[in-house]
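Heads up: the structure comes next, in structure tokens.
The values are calculated or read from the model by the stated rules, or taken from the named source; none is laboratory data. As the structure is a prediction and not an experimental result, all values here were calculated from the model. Neighbour counts are summed over all protein chains in view; Cβ atoms, including those assigned to glycine, are modelled from backbone coordinates with ideal geometry.
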Ligand SMILES: Nc1ncnc2c1ncn2[C@@H]1O[C@H](COP(=O)(O)OP(=O)(O)O)[C@@H](O)[C@H]1O
Ligand SMILES: [Mg+2]
């Protein structure tokens, strides 16, 4: 599936009704499904000062338009794999390609097209940044250093906040929000960059069941209507039916990579669910 900017903007703007014309144009998009958006080949990621690689011999390919859940126990390497894809961690072996470009060489350009929601990022209670500014930061890669922010940029920031139901918090200081509100703002921050690829690190943590549902529906819309490729780290064991692929990491190795049904019925997945249940 191709990323489609108009559909993306429609998907994040809660106020725009989908016209039938728009719907038709979405349906007409032809999806070259073998289009590779992420490719990891035999990747080892080693943290600075460590000897043992945190990710070991990880190979994985992601096609445009996929919606993938990455699961696995704490410390398995889920966050590390997202940061490896972003190119913010050194790769000691293997190769990472994103959008057909090498992450080692083209990291900054690649990151302009990625929306990354960091796990559990917190701000100090006295942090002076306002919600709208935090979301605008998500557009800074697109706008470019030193370039003027235009009215259209603020419109997209507003639409991004609307999409997560946080437009009323526009000029609140970011440090004064609850954990769940904050999480929604960080998702808006990722949306504001009009990403073709969304990397979400436990985006549902801190959200109540209703907010989880709303955010999940939004992700689904972005994926299905705008062609945004989504890699979502989740430690929960329930995987929604629309997810087309499940990847499991354990001790830095990729131990499962299959469609949802096969994954949830596999021995390795059930062992993981039992382990999570015993830890809870
Ligand atoms: N900055 C770091 N330096 C050294 N080791 C790290 C660093 N960050 C994470 N690790 C280690 O890498 C492993 C994988 O971590 P992480 O990717 O955060 O796991 P997950 O997200 O699956 O819980 C863990 O053993 C963790 O302790
Ligand atoms: Mg993590």
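General observations
- Of the helices (runs of 4 or more DSSP H) entirely within the range 45-137, those holding at least 1 residues that are more than 16 Å from ligand 2 (Cβ to nearest atom), under 17 Å from the mean Cα position of the chain (by Cα) and buried (at least 21 other Cβ atoms within 10 Å of the Cβ) occupy 103-112, 131-137.
- Flag if residue 244 is on the phi < 0 side of the Ramachandran plot and loosely packed, with under 13 Cβ neighbours inside 10 Å: no
- Within the range 47-71, residues that are without any contact (Cβ under 8 Å) to a residue 60 or more places away in the chain have Cβ atoms under 6 Å from residues that are assigned to a strand (DSSP E or B) and more than 16 Å from ligand 2 (Cβ to nearest atom) in these pairs: 61/36; 61/39, counting only partners at least 6 apart in sequence or on another chain.
Per-residue answers, yes or no, for (1) under 26 Å from residue 80 (Cα atoms); (2) out of contact with any strand residue (DSSP E or B) (no Cβ under 7 Å at 6 or more places or on another chain):
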site: 123; (1), (2): yes, yes
site: 141; (1), (2): yes, yes
site: 144; (1), (2): no, yes
site: 147; (1), (2): no, yes
site: 168; (1), (2): no, yes
site: 178; (1), (2): no, yes
site: 190; (1), (2): yes, no
site: 205; (1), (2): yes, yes
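- Strands (runs of 3 or more DSSP E) contained entirely in the range 161-280, each with at least 3 residues that are away from ligand 2 (no atom under 16 Å from the Cβ): 253-258
- Any hit, the range 251-259, residues being farther than 22 Å from residue 43 by Cβ, in contact with a helix residue (DSSP H, G or I) (Cβ under 9 Å, 6 or more places away or on another chain) and without any contact (Cβ under 8 Å) to a residue 24 or more places away in the chain: no
- Total residues in the range 188-201, condition within 15 Å of residue 122 (Cβ to Cβ) and within 9 Å of the chain's Cα centre (by Cα): 1
- Among the residues examined, residue 62 qualifies as more than 16 Å from ligand 1 (Cβ to nearest atom) and at pLDDT 95 or above.
- Residue pairs whose Cβ atoms lie under 8 Å apart, separated by 6 or more positions or on different chains, with the first residue in the range 72-85 and touching a residue at least 60 places away in the same chain (Cβ under 8 Å) and farther than 19 Å from residue 105 by Cα and the second within 8 Å of ligand 2 (Cβ to nearest atom) and outside any loop (DSSP other than H, G, I, E, B), are 72/78; 78/201; 78/233; 79/201; 79/233.
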